[in-house]
Amino acid sequence: LLTGVFLQFVVLPFLGFAVVKALSLSAAMGVTLLVVTSSPGGSYSNWWCSMFNADLALSVTMTAISTMLSIIMLPVNLTIYTTFSYSNSVVRNLDWLSLFISLVVVISAIVSGLYISG
């Protein structure tokens with residue numbers, strides 16, 4: 001799990017940052033790539049694990065942990081890498097409220113699903 005968290009929230013966002021810098025992406029494309037590479041993995045990996053008889057419990061656990069950690073890590077990574085990639089005006093113009101609302105909606109849906117199924 002620690003390896004997964006490290007790769008999800010340190011290595012992947014850094015690779016997104018490296019691509020943004022290497023390709024000199026515009027602010028819109030670069031921030032989009034940084035959001036995608038800083039976001040949690042999602043349930044699609046769970047489907048792949050199920051299809052190929054991989055460790056589904058590990059995949060579901062990693063998805064849950066990365067989703068919960070994304071409340072803190074997504075804004076932190078986005079702030080760090082947009083600051084190093086673009087001017088301060090780009091960072092200030094990001095819609096942080098929408099980002100947090102999206103995270104709250106996703107986490108609320110997961111918690112509600114766990115509560116209802118339990």
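The table below lists the values:
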| quantity | calculated |
| --- | --- |
| Heavy atoms of residue 56: accessible area, 1.4 Å probe, square angstrom to 10 | 70 |
| Among [x] 71, 31, 21; [y] 65, 33, 30; [z] 46, 29, 21, the entry derived from the coordinates for Cα extents along the principal axes in Å | [z] |
| For the chain, accessible area per residue (1.4 Å probe, heavy atoms of protein chains only), Å² | 63 |
| Share of carbon and sulfur in the accessible heavy-atom surface of the chain [1.4 Å probe, %] | 74 |
| Per-residue HN-Hα couplings for region 90-101 [Karplus 6.51, -1.76, 1.60; θ = phi - 60°; Hz; x = Gly/Pro] | 5, 5, 5, 7, 5, 8, 5, 4, 5, 4, 5, 4 |
| Distance in nm between pseudo-label sites at residue 53 and residue 101 (7 Å out along the Cβ direction from Cα) | 4.7 |
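The values are calculated or read from the model by the stated rules, or taken from the named source; none is laboratory data. Quick caveat, the model's predicted, so the values are computed rather than measured. Counting neighbours? That spans all protein chains shown, and the Cβs are built from the backbone with ideal geometry, glycine included. In case anyone asks, the SASA skips ligands and DNA or RNA and just uses the protein heavy atoms, side chains included. Shrake-Rupley method; radii C 1.70, N 1.55, O 1.52, S 1.80 Å.
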